[in-house]
Amino acid sequence: MSKIYKEIGIGFIPVFLVFLVFLGVNVIPILFVSALGGSLLYMMKTRGGIGASAGGGDRKSKNRTPAFLTFDEIGGQDRAKKELMEALDFLIKHEEIKKLGIRPLKGLLLTGPPGTGKTLMAKAAAHYTNSVFMAASGSEFVEMYVGVGASRVRDLFKEARARAVKEGKDNAIIFIDEIDVIGGKRDAGGQREYDQTLNQLLTEMDGIHTNDAPRILIIAATNRKEMLDSALLRPGRFDRHIEVDLPDKKGRLAILHIHAKNKPLAEGVTLEQTADQTFGFSGAQLEGVLNEAAIYAMREDKPAIEQPHLASAIDKVMMGERTDKETANGEKERVAYHELGHAIIAELVRPGSVSQVTVSPRGKALGYVRHNPPQDHYLYTKDYIEDQIMIALGGAAAEEMIYGGRSTGSRNDFEQSLSMVRNMMDAGLTSLGIIDREMVTKEQLMKENAAILDALMLRTKKMLDEQRNVFEHSFAILMKEEVLSGDTFRTLFDASVSQSA
Ligand code: ATP
């Protein structure tokens, strides 16, 4: 019916305009105002404005994704999952907590680096509590028009309640990703629009009557907790904080197994090795590794993923895609010596730690050495950091030894070395003692920095000079093969060392 009215309207408007022109009325301002109004309406509809939460737009389609994900499909994060489930039990056992007079939970804050599974946790929470699941991102509430963000917050809560009633559920979980976008500290010269949006969120949270169904629980995620306004964090709002951190080795293995479920692995492939080599990777990056490995297998027409596919996939996720940068021959040789410098020192200070030496360009790097951390490390001794600095300096030291001078290829290594020295200073591991940066002069810092780096550079050069044999044995093979696995490099290394002994 409404369609018929619309068509009649569309037909009537031009006839009416022609009639006005016939009467001698200037219709240009009318046309201009209607065009402006039309485009404003269109923008509000397509950008997920009020219309989106009521009917169309992106957010709706995201919300309609069934929340059938369970906690079993989230690898690692055992502590975070346990804490979250405990908190969710409050929602499920609401009668019991009422008897004890416990204040029900309104908001949960998940904090941690990107890609660690915060969204997955929220979805699993909805499944666990048999709730309606609604998701939005902080940036969706940001608009140039004052009041639009606040009205979107209102609509989100309204829609969550309506959907829970319609679907016959007792609970609704609203997940707000990137809460820091709207929940940043308000006194820090913030904008009025952000303030209004945050105020609306606080009002909605205060208005949650946790005793009446549908009960609403808000789960928010951020990786910048320190930015959040204290009003958001006070008791009764987001007063439960759960850290969702980067996975340890056991967690990485569990995540790899989850994402390998639908992918064929060749016989003998072990995900243990991949878990070993991916220290510091997030769940999203681990998923990326398996996906890239499957792509490499397909490119080679292989029916299953083999270990080298996984190795290349780790490099791809870590460094970027292989590039076609054609290096001049002299340059490639220099890169080979540079990388061998890193690898030899690594093998000397931490035997068995080199996992791959490469001289084919990938991402921005012309070559690189991938290391196996012996185990996940969270505490570092002075000796350990010094070894790491020597590994970083190994490239420049090798170039000096072979060519008598360095190149710009060591810039990144020096940046790493400097940051490690800074870490040593802040941790009281240098001859400056336990210091606050404010207590010492810039000159003192520079002097200590130079003393540490010069001494370590000297030690590095000496160690490399004693291993000239290894350079001679491995250089030609590295130039030809472009990639040496850790095991191949160790065979060459051991052969050269025993020869010179
Ligand atoms: P962001 O902070 O960037 O929004 P996030 O922490 O919400 O990230 P998710 O969106 O939950 O991260 O994860 C992204 C993808 O990474 C998931 O779809 C999944 O494929 C994978 N992933 C991340 N963590 C895990 C995990 N613990 N187990 C299984 N898969 C994971």
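The values are calculated or read from the model by the stated rules, or taken from the named source; none is laboratory data. Remember, it's a predicted structure, so these values are computed and weren't measured experimentally. Heads up, the Cβs are rebuilt from the backbone with ideal geometry, glycines too, and the neighbour counts pull from every protein chain shown. Ligands, DNA and RNA are stripped out before the accessible areas are found, and what is left, the full protein with its side chains, is counted by its heavy atoms. Shrake-Rupley method; radii C 1.70, N 1.55, O 1.52, S 1.80 Å.
The single residue among Glu333, Glu306 that is closer than 26 Å to Phe493 by Cβ and not assigned by TED's automatic domain parsing to the domain that holds Met390 turns out to be Glu306. Of the residues making up region 442-484, those that are open to solvent by less than 50 Å² (accessible area, probe 1.4 Å) and among the polar types (S, T, N, Q) are Asn449, Thr460, Gln467, Asn469, Ser474. Restricting attention to region 151-169 and to residues that are without any contact (Cβ under 8 Å) to a residue 12 or more places away in the chain and at negative phi, the residue that is surrounded by the most Cβ atoms within 10 Å (Cβ to Cβ) turns out to be Ala162. Of all residues assigned to region 209-224, at least one qualifies as being at pLDDT 85 or above and open to solvent by 30 Å² or more (accessible area, probe 1.4 Å).
Restricting region 103-134 to residues that are near the ligand (Cβ under 10 Å from one of its atoms) and in a strand (DSSP E or B) leaves a set whose member that is nearest to the chain's Cα centre (by Cα) is Thr111.
The helices (runs of 4 or more DSSP H) found wholly in region 363-478 and carrying at least 3 residues that are under 19 Å from Ala343 (Cβ atoms) and of a type in the set (S, T, N, Q) occupy 411-426.
Name the residues in region 276-306 that are open to solvent by 30 Å² or more (accessible area, probe 1.4 Å) and away from the ligand (no atom under 15 Å from the Cβ), would you? Of everything in region 276-306, those that are open to solvent by 30 Å² or more (accessible area, probe 1.4 Å) and away from the ligand (no atom under 15 Å from the Cβ) turn out to be Asp276, Phe279, Ile295, Met298, Arg299, Glu300, Asp301, Lys302, Pro303, Glu306. Any residue in region 90-102 that is within 16 Å of the ligand (Cβ to nearest atom) and either buried (at least 21 other Cβ atoms within 10 Å of the Cβ) or not in a helix (DSSP H, G or I) (or both)? Within region 90-102, none of the residues are within 16 Å of the ligand (Cβ to nearest atom) and either buried (at least 21 other Cβ atoms within 10 Å of the Cβ) or not in a helix (DSSP H, G or I) (or both). Based on this model, can you work out whether Gly168 counts as over 30 Å from Arg252 (Cα atoms), more than 16 Å from the ligand (Cβ to nearest atom) and part of a loop (DSSP other than H, G, I, E, B)? Judged against the criteria, Gly168 is a match.
Among the residues of region 217-254, those identified as in contact with an Asp or Glu (Cβ under 8 Å, 6 or more places away or on another chain) and β-branched (Val, Ile, Thr) are Thr222, Ile242. Any residue at all in region 358-368 that's modelled with pLDDT of 95 or more and open to solvent by less than 20 Å² (accessible area, probe 1.4 Å)? Within region 358-368, not a single residue is modelled with pLDDT of 95 or more and open to solvent by less than 20 Å² (accessible area, probe 1.4 Å). Using the structure shown, decide if Ile13 is modelled with pLDDT under 85 and open to solvent by less than 90 Å² (accessible area, probe 1.4 Å). Taking the combined requirement at face value, the residue does not satisfy it. I'd like the full set of residues that are surrounded by 15 or more Cβ atoms within 10 Å (Cβ to Cβ) and of a type outside the set (Ser, Thr, Tyr), limited to region 309-325. Scanning region 309-325 gives His309, Leu310, Ala311, Ala313, Ile314, Asp315, Lys316, Val317, Met318, Met319.
When you check Thr70 against the structure, is it modelled with pLDDT under 85 and either in the same structural domain as Lys123 (by TED's automatic domain parsing) or touching a helix residue (DSSP H, G or I) at 6+ places or on another chain (Cβ under 8 Å) (or both), yes or no? So Thr70 does not fit the description; no.
Considered as a group, the residues in region 232-272 that are more than 22 Å from the chain's Cα centre (by Cα) and buried (at least 16 other Cβ atoms within 10 Å of the Cβ) include one that is farthest from Met205 (Cα to Cα), and that residue is Val269. Checking each residue in region 479-498 for being of a type in the set (Ser, Thr, Tyr) and in a helix (DSSP H, G or I) picks out Thr488, Thr491, Ser496, Ser498. On the given criteria, is Gln200 over 25 Å from Gly117 (Cα atoms), open to solvent by less than 40 Å² (accessible area, probe 1.4 Å) and among the polar types (S, T, N, Q)? Answer is yes for this residue.
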